[in-house]
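Where a number appears in this text, it was derived from the coordinates with a stated rule and is not lab data. Keep in mind that what you see is a predicted model, and the values were worked out from it rather than measured. Cβ placement follows ideal geometry from the backbone for every residue including glycine, while neighbour counts extend to all protein chains displayed.
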Amino acid sequence: MRVVSGIQPTGNLHLGNYLGAIRNWVKMQDDIAASGEEGSECLFFLADLHAISMPHDPAELKAGTLEMVAALVACGIDPNKSVLFNQAQVPAHTELQWLLTGTARMGWLNRMTQFKDKSGKNREGASIALFSYPVLQAADVLLYQATHVPVGDDQKQHLELARDIAQKFNNDFCEEDTPVFTLPEPYIPPQAARIMSLRDGSAKMSKSDPSEMSRINLSDDADMIMKKVKKAKSDADALPSEKAGLEGRPEALNLVTIYAAITGESVQTVLGEFGGEGFGKFKPALGEVLAETLAPISARFRDLKSDRESLDAILARGAAKARERGADTLDNAYKALGFVRG
């Protein structure tokens, strides 16, 4: 089992990122490492090459990449158990992308809904990188013979494209018993908590929200966490004793969901403890459990963030491993296409 997944290096991970994705990465890493199965591993990369598909600030990209490494390691990604690297240090990603553009079809890319969403009404003004980045995503996973790729609803279409590209390449250029590419399967993580904004229970928690009070950052200290939780939007009614009672109360549902996710309890269990209580009692309890759980992550993150040498070393070691893992696949793809190489 070889799991491959990436995350854009936007920096400043928040609670939604941690509970929605990163915690599952850590569990996958630890489960695979504990299995002791030869050849099984996780490769996690910072998708810095994808960042240029949209307008970006070079200084922010550099800072965000280093900050993201610090955050991932602080959350539990272990460079000794997983391969952790950034795309830009592994040229094989873009080499394979170019080789795969001969196999990918315009019609396939035209159906990608994320291009339509991100380009908006100005499709003619969108970058070629935005249109073709699903092919880079395919290269990201096919390069390492990924068997499984963690996907949410927004990425299922891109994994299907990667499988289509791999299948067509194998059919067009390979003998039936010697395909170049493994067709990756979707890995559906355990139901991840959907964490919403502290200011609007109908909107996802996001770094792009202009209000710092809308999210819990992994860099926040205990006092800031408690302040944000106490100021989080709620309503005047007491918490219900049954989950059905949260219907039509998005802010209340969000706060209870956060408590359940961070403690590993069910929403019903949380309501069994706090049903009938007002937010004056529930919010301090939520702030305490968040601060206690995130304290070691925040401390580790702040220490790592200031240690540029260690962060560079983590990325360099991971990139060296990644280049080694992908070398044979890239070489075989060149050979299958008929290129003469030294």
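Per residue, how big is the convex hull around the C-alpha atoms of the chain? Give it to me in cubic angstrom, could you?
On the way: hull volume 54.8 nm³, N = 342.
Looking at the chain, the number lands at 160 Å³ per residue.
Highest-first packing order for the peptide set 218-226, 301-309 is 218-226, 301-309, based on the mean count of other beta carbon atoms within 10 Å. Mind pulling the angle between the C-alpha long axis of helix 128-142 and the longest principal axis of the chain? Nearest 10 degrees, somewhere in 0 to 90. With both axes taken from Cα atoms, the answer is about 80 degrees. Cα centroid separation, region 21-75 to region 214-260: 28 Å.
The string of couplings for region 300-312 from the Karplus curve (6.51, -1.76, 1.60, θ = phi - 60°) is 5, 4, 5, 5, 5, 4, 8, 10, 4, 4, 5, 5, 4 Hz, one whole number per residue in order, with x for Gly and Pro. For the chain, the longest principal axis of the C-alpha atoms and the axis of helix 23-35 are separated by about 60°. Listed by chain and number, the aspartates and glutamates whose C-alpha is less than 17 Å from the C-alpha of residue 305, apart from same-chain residues fewer than 8 away, are 60, 67, 78, 220, 221. Taking the centroid of alpha carbons for each part, region 285-342 and region 138-186 are 22 Å apart. Looking at region 212-303, what % of the alpha carbon pairs are farther apart than 17 Å? That fraction is 47 percent. In straight-distance terms, cross-link reach from residue 156 covers every one of the aspartates and glutamates whose alpha-carbon lies under 16 Å from its own, apart from those fewer than eight places away in the same chain; here that gives 117, 140, 164, 185.
Rounded to the nearest 10 degrees, the angle from helix 250-263 to the longest Cα principal axis of the chain is 70 degrees.
Please count, across region 212-303, the pairs of lysine residues with Cα atoms under 12 Å apart that sit 8 or more places apart or on different chains. Walk me through the intermediate numbers first.
Values: 227/283; 228/283; 230/281; 230/283; 231/283; 233/283.
Step by step, the pairs that qualify in region 212-303 add up to 6.
Run the reach check for residue 335 against lysines, Cα to Cα strictly under 20 Å, same-chain hits fewer than 8 apart removed. What comes back? Within the straight-line cut-off, residue 335 pairs with 168. Each of 25, 98 was scored by other Cβ atoms within 10 Å of its Cβ. Arranged with the fewest first, they read 98, 25.
For the chain, what is the charge dipole size about the Cα centre, in debye to the nearest 20, if Lys and Arg each add +1 at the Cβ and Asp and Glu each add -1 at the Cβ?
Values: 38 positive and 46 negative charges, 168 e Å.
So the magnitude is around 800 debye.
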